[in-house]
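Data first, discussion second: the structure below is written as structure tokens.
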Amino acid sequence: MELLENNQNFGEDMNSWQTVTFLYNAAAKEVMTKLEILNDEFVNIHNYNPIEHIKFRIKTPESIVKKLKRYGREVSVPNMINYVNDVAGIRLVCSFTSDIYKLAEMIGRQNDLTVVSIKDYIKNPKESGYKSYHMIVSVPIFMSDRVVDTKVEIQIRTIAMDFWASLEHKIYYKFEGNAPESISEGLRECARMVSALDARMLTLNEEISKYK
Ligand code: 0O2
């Protein structure tokens, strides 16, 4: 098994954007299938689906270039492979905060996935108010002549967290990161409301399950 990072072993072709995006697409497909199977199994056993929906994206070249520049790295395919961990990104949106940890645990137990790193922005929200659970996993891609371990970022969040993050992303974009303090504080206040909503929904769900 080879790491995509050690791409000097693969020759010139691994330096091409086309070959590398093929690998990231394949890795995301593998992980998405695993997640769908986990969700189906949960429905089968517990009659409950923890995943509301799954989104997938390959990071745009502009966004990759921006990140490499922010890291002070030269823009190149090897640097993208080595330093940008979220070229392939999957977003898992679930109903309750408790589902997030259930899913993270289930993902961690998959033998053919390696958890490279975890960032828990639910226990430690970002300054902006952002909440989400991030996992970088690595998945083996079986090609005709080799196996390449490829990284995928999985962001797990509730519907409410996703609502906040999507709108905040749009606003942040408008201000290009320089939003006035009153707007930033407004967004932090909304984030607190989102957390209160998530907590209330979780309590209600626990109450409802007593009636079942
Ligand atoms: P996009 O458009 O989603 O691709 P680092 O470890 O800090 O060097 P990174 O990847 O910046 O590297 O770390 P992090 O914070 O784990 O992940 C960044 C991603 O999380 C972002 O990707 C967003 O998707 C999301 N994110 C992080 N902070 C915020 C926030 O304050 N608001 C919103 N809406 N999303 C956030 P990109 O690459 O920034 O953008």
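The values are calculated or read from the model by the stated rules, or taken from the named source; none is laboratory data. Predicted model only: the values in this text are computed from it and were never measured. No Cβ is skipped: glycine too gets one built from the backbone with ideal geometry, and neighbour counts run over all protein chains shown. All accessible areas refer to the heavy atoms of the entire protein, side chains included, with ligands and DNA or RNA removed. Shrake-Rupley method; radii C 1.70, N 1.55, O 1.52, S 1.80 Å.
Elements of the type helices (runs of 4 or more DSSP H) sitting completely within region 22-113 and holding at least 3 residues that are over 17 Å from the mean Cα position of the chain (by Cα): these cover 61-70, 77-83.
Starting from residues that are under 20 Å from the mean Cα position of the chain (by Cα) and open to solvent by less than 10 Å² (accessible area, probe 1.4 Å), keep the ones in region 143-160 and report whichever is farthest from the ligand (Cβ to nearest atom). Residue satisfying both the conditions and the ranking: 150.
Within region 188-201, residues that are under 14 Å from residue 159 (Cβ atoms) have Cβ atoms under 8 Å from residues that are open to solvent by 60 Å² or more (accessible area, probe 1.4 Å) and part of a helix (DSSP H, G or I) in these pairs: 194/163, counting only partners at least 6 apart in sequence or on another chain.
Contact map, region 109-137: residues that are within 16 Å of residue 97 (Cα to Cα) paired with residues that are open to solvent by 80 Å² or more (accessible area, probe 1.4 Å) and more than 9 Å from the ligand (Cβ to nearest atom), Cβ distance under 6 Å, separation 6+ or inter-chain. Pairs shown: 135/118. Among the residues of region 95-103, none qualifies, meaning not one is in contact with a strand residue (DSSP E or B) (Cβ under 9 Å, 6 or more places away or on another chain), over 22 Å from residue 5 (Cα atoms), within 9 Å of the ligand (Cβ to nearest atom) and free of Cβ contacts under 8 Å to residues at least 40 places away in the same chain. In summary, residue 186 fulfils each of the numbered conditions (1) within 24 Å of residue 123 (Cα to Cα); (2) touching a helix residue (DSSP H, G or I) at 6+ places or on another chain (Cβ under 8 Å) with the single exception of condition (2).
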